[in-house]
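A.B. asks: Questions regarding the structure given below will be posed in turn.
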Amino acid sequence: MDKIASFTVDHDKLEKGMYISRIDGDAVTYDIRMKKPNGGDFLTNGALHTFEHLFATYARNSEYTDSVIYVGPMGCRTGFYLILRDSVSYENAIKLVQESFRFVAKFSGKIPGSERKECGNYLEHDLEGAKAVAEDMLEVLEGYTVDRLNY
């Protein structure tokens with residue numbers, strides 16, 4: 001089988017940030033790397049799960065709701081994928097991620113979709129962990145520009 005594109009990226013050289021992973025037709029996949037790959041520090045399951053609920057909720061309720069195809073975690077627990085239609089400019093994709101992470105960092109209250117009937121693992125959430133990850137990444141994303149989207 002052919003090696004998929006994401007496996008051709010040297011993960012030992014990859015730093016925290018936001019990157020364009022691939023473009024398929026009108027779908028742009030963004031690789032939002034929140035932890036340095038193979039760095040020994042990974043998103044905990046609870047923080048990752050809560051982050052997913054909050055990030056997806058914000059993105060799907062943003063002005064770009066009709067262009068959001070997917071928001072979900074990486075299996076390696078170093079970040080998230082965001083897939084948007086190409087009608088969202090690269091600048092606005094960065095803005096959406098920054099706004100989403102600000103939302104997570106400041107969130108208080110009941111986590112959306114965290115009831116037993118709404119979630120397949122409703123007991124494993126960590127709001128404080130998700131907020132800490134968001135705050136850390138906001139420092140990385142501060143002043144982020146389109147030219148930094150390339151691996």
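The values are calculated or read from the model by the stated rules, or taken from the named source; none is laboratory data. Just so we're clear, the structure is a prediction, and the values are computed from it rather than from any experiment. Cβ: placed from backbone, ideal geometry, glycine included. Neighbour counts: every protein chain shown.
A.B. asks: Go through segment 129-147 and report how many residues are in contact (Cβ under 8 Å) with a residue 12 or more places away in the chain, outside any loop (DSSP other than H, G, I, E, B) and either more than 17 Å from E52 (Cβ to Cβ) or not basic (K, R) (or both).
C.D. replies: 12
A.B. asks: Taking interchain pairs and intrachain pairs at least six residues apart, which have beta carbon atoms under 7 angstrom, with the first residue in segment 35-48 and in contact (Cβ under 8 Å) with a residue 60 or more places away in the chain and assigned to a helix (DSSP H, G or I) and the second surrounded by 13 or more Cβ atoms within 10 Å (Cβ to Cβ) and β-branched (V, I, T)?
C.D. replies: That search, which allows pairs on different chains as well, returns A47/V133.
A.B. asks: Then there is this: Tell me, which residue of segment 50-75 that is within 29 Å of D12 (Cα to Cα) and out of contact with any Leu (no Cβ under 9 Å at 6 or more places or on another chain) is modelled with the lowest pLDDT?
C.D. replies: Of everything passing the filter in segment 50-75, G75 is modelled with the lowest pLDDT.
A.B. asks: Determine which member of the set I83, I94, I20, I32 is modelled with pLDDT of 95 or more, surrounded by 12 or more Cβ atoms within 10 Å (Cβ to Cβ), closer than 17 Å to A132 by Cα and β-branched (V, I, T).
C.D. replies: I32
A.B. asks: Which residue, of E115, E142, is loosely packed, with under 15 Cβ neighbours inside 10 Å and touching a Phe, Trp or Tyr at 6+ places or on another chain (Cβ under 8 Å)? Steps first, answer last, please.
C.D. replies: On the way: E142 fails: touching a Phe, Trp or Tyr at 6+ places or on another chain (Cβ under 8 Å).
Result of the check over E115, E142: E115.
A.B. asks: Give the residue that is farthest from the chain's Cα centre (by Cα), with candidates limited to residues of segment 84-119 that are assigned to a helix (DSSP H, G or I) and closer than 17 Å to G46 by Cα.
C.D. replies: Narrowing segment 84-119 to residues assigned to a helix (DSSP H, G or I): 90-106.
Keeping just the survivors that are closer than 17 Å to G46 by Cα gives 101, 104-105.
On the way: F101: 9, V104: 11, A105: 13 Å.
Applying the filter and picking the extreme gives A105.
A.B. asks: Name the single residue, out of those in segment 129-139 being touching a helix residue (DSSP H, G or I) at 6+ places or on another chain (Cβ under 8 Å) and charged (D, E, K, R), that is surrounded by the most Cβ atoms within 10 Å (Cβ to Cβ). Show your work before the answer.
C.D. replies: Initial filter on segment 129-139 (touching a helix residue (DSSP H, G or I) at 6+ places or on another chain (Cβ under 8 Å)): 129-135, 137-138.
Pick out the ones that are also charged (D, E, K, R) and you get 131, 135.
Numbers: K131: 20, E135: 14.
The residue in question is K131.
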